[in-house]
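Structure record follows, encoded as structure tokens.
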Amino acid sequence: PLEQLDDPSLLRSQALINGEWVGGSESFAVTDPATGRELARVPNLGRADVESALAAAGNALNAWRSKPAKERAAVLLRWQQLLIKHADDLARLMTAEQGKPQAEARGEVVYGASFLDWFGEEAKRVYGETIPTTDPTKRYLVLKQAVGVCAAITPWNFPLAMMTRKVAPALAAGCPVLIKPAEATPLTALAAAELAQRAGMPAGVLNVLTGDSQRSIEIGKLLCESDLVRHLSFTGSTEVGRILMAQCAPTIKKLSLELGGNAPFIVFDDADVDSAVDGALASKYRNAGQTCVCANRLYVQAGVYDTFVEKLAAKVAALKTGNGFEAGVNVGPLIDEAALQKVETHVADAIALGARLVVGGKRLATDAGHFFEPTLLADATPQMLCSREETFGPVAPVFKFQTEAEAIQLANATEFGLASYFYSRDVGRIFRVGEALEYGMVGINTGLISTAEVPFGGVKQSGLGREGGRQGIEDYLEVKYLCLGDI
Ligand code: ADP
């Protein structure tokens with residue numbers, strides 16, 4: 001598929017440092033999770049490269065943060081337009097390295113690009129304050145200024161959107177960025193960086209560092225240790241988030257962490273069951289179940305339980321699994337063998353503990369690729385692994401509950417607090433449950449909640465800070481108080 005790019009120069013096999021494409025002396029392979037084939041090799045960077053990128057970002061800082069916001073916004077807007085213009089190629093690169101179906105990949109390009117115009121516009125609205133004085137000889141003013149050089153570490157499940165959701169607010173605020181994309185999916189980030197170059201991004205303002213899983217750890221350490229880096233944004237597992245937080249403690253960095261979830265999806269007796277079935281399907285099986293906001297636990301009230309399971313089963317059975325480039329495919333491969341094994345373990349554990357297998361349940365019998373059948377399990381219980389851990393695969397366990405209080409208690413019984421969902425047509429219940437769920441985000445009568453204009457993020461061990469929305473730029477700004485005397 002990559003031979004068919006309209007613009008072959010978007011397939012980059014170099015990293016971007018100080019506005020230049022650099023090769024480095026070592027490289028690692030990027031492979032297609034649907035076929036196992038090697039797609040390209042990209043640089044396996046080390047300490048010297050990170051240091052030169054840090055120096056470049058440091059050198060670029062003053063000129064970039066001193067530009068009028070409108071000029072930074074203009075670069076972001078041109079970049080956004082180029083991403084849309086090259087949406088087909090970006091979607092091809094994304095499906096090739098990540099596996100998601102073409103329709104979803106195109107959707108991600110539009111979503112990913114939307115953070116650039118959103119934050120480009122927000123850059124112009126970074127307002128300060130004047131505070132009424134308590135001393136007639138003084139005046140109190142508040143400025144908001146760029147925090148400085150920023151670092152971002154992104155996961156493989158949204159290769160473009162996780163990049164733009166971090167770099168757009170940083171760039172809008174006036175901060176140069178070093179980004180380390182996931183080792184499984186660097187090609188989309190490099191293509192996006194090529195388009196940023198074409199949009200007129202000044203040298204050193206956007207740097208993309210690539211490394212394999214081992215080097216990613218080393219690069220992460222260097223970024224955390226650097227005093228120049230004032231903010232680190234990370235999306236990935238809670239386990240790695242905890243390591244990065246500890247590594248940032250010595251330099252007291254600001255942190256934005258978007259970590260694991262364990263999203264409950266509750267269907268009450270008064271719900272529109274057909275709508276809930278569609279919502280569950282969209283929330284659970286999108287990206288083959290590999291999103292941090294995917295429904296992980298489906299709680300269905302006794303009165304609609306059998307109907308819900310039956311209707312969802314019919315839709316899950318109709319999903320087509322296969323290579324994301326094939327027409328009509330809804331569920332692509334999982335990212336790697338480890339992901340497949342985790343899904344298998346969760347399914348086997350659930351069945352051993354009494355769950356009923358309704359649809360799917362095993363790997364696809366293919367020669368290559370990491371495919372798992374879209375799976376539905378009924379009669380799940382809190383003892384099962386799938387109740388406690390994020391499955392990150394196309395498996396929906398359904399639990400039966402009796403009362404609203406029980407549903408809330410079950411939903412909140414986790415150390416995570418990212419996304420949650422519930423279906424009800426009762427306005428009182430909508431407020432009660434919406435307020436009681438200990439989550440950063442609540443989808444009510446919908447399974448899809450992400451958009452650039454809203455604050456995305458979690459509570460508890462799901463993270464710190466919010467990305468997107470009016471709030472998303474705040475993490476990249478320092479508040480400075482000016483006290484003017486002798487008036
Ligand atoms: P996932 O479980 O989604 O693969 P990870 O948390 O393992 O998430 O990885 C997300 C990102 O974090 C990737 O870019 C990966 O290279 C990077 N990463 C993983 N471990 C570390 C680490 N110890 N230090 C810095 N970055 C890391």
Of all residues making up the range 191-217, the number that are under 14 Å from residue 79 (Cβ atoms) and within 14 Å of the ligand (Cβ to nearest atom): 1
Pairs with Cβ under 8 Å, 6+ apart, first in the range 154-170 and under 20 Å from residue 285 (Cβ atoms) and near the ligand (Cβ under 9 Å from one of its atoms), second assigned to a loop (DSSP other than H, G, I, E, B) and among the charged types (D, E, K, R): 156/183
Some residue of the range 148-162 being surrounded by fewer than 18 Cβ atoms within 10 Å (Cβ to Cβ) and aromatic (Phe, Trp, Tyr): no
The range 370-392 residues that are in contact (Cβ under 8 Å) with a residue 60 or more places away in the chain and closer than 22 Å to residue 305 by Cβ, paired with ones that are small (Gly, Ala, Ser) and in a loop (DSSP other than H, G, I, E, B) (beta carbon under 6 Å, 6 or more apart): 374/360; 380/355
Test result for residue 449, modelled with pLDDT of 95 or more, surrounded by fewer than 20 Cβ atoms within 10 Å (Cβ to Cβ), within 22 Å of the chain's Cα centre (by Cα) and under 24 Å from residue 172 (Cβ atoms): yes
Pair list, Cβ < 7 Å and 6+ apart or interchain, from the range 225-239 residues that are touching a residue at least 12 places away in the same chain (Cβ under 8 Å) to residues that are of a type in the set (D, E, K, R) and more than 15 Å from the ligand (Cβ to nearest atom): 230/254; 231/254; 231/475
Every pair of residues 6+ apart whose Cβ atoms lie under 6 Å, when the first sits in the range 243-265 and is closer than 22 Å to residue 416 by Cα and among the aliphatic types (A, V, I, L, M) while the second is away from the ligand (no atom under 14 Å from the Cβ) and in a strand (DSSP E or B): 255/464; 257/464; 263/295; 263/296; 263/419; 263/420
Number of the exception - residue 175 against (1) touching a residue at least 60 places away in the same chain (Cβ under 8 Å); (2) in a loop (DSSP other than H, G, I, E, B); (3) within 10 Å of the ligand (Cβ to nearest atom): (3)
For residue 192: the one exception among (1) outside any helix (DSSP H, G or I); (2) in contact with a helix residue (DSSP H, G or I) (Cβ under 8 Å, 6 or more places away or on another chain): (1)
Which numbered condition residue 276 misses (of (1) under 20 Å from residue 446 (Cβ atoms); (2) under 18 Å from the mean Cα position of the chain (by Cα); (3) among the small types (Gly, Ala, Ser)): (2)
Given (1) over 27 Å from the mean Cα position of the chain (by Cα); (2) more than 23 Å from residue 455 (Cβ to Cβ); (3) surrounded by fewer than 16 Cβ atoms within 10 Å (Cβ to Cβ), number of the condition residue 413 does not satisfy: (1)
Subset of the range 308-328 that is part of a helix (DSSP H, G or I) and not β-branched (Val, Ile, Thr) - its residue that is nearest to residue 399 (Cα to Cα): 308
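The values are calculated or read from the model by the stated rules, or taken from the named source; none is laboratory data. Just so it is clear, the model here is predicted, and its values are computed rather than measured. FYI the Cβ positions are ideal-geometry reconstructions off the backbone, even for glycines, and counts take in every protein chain you see.
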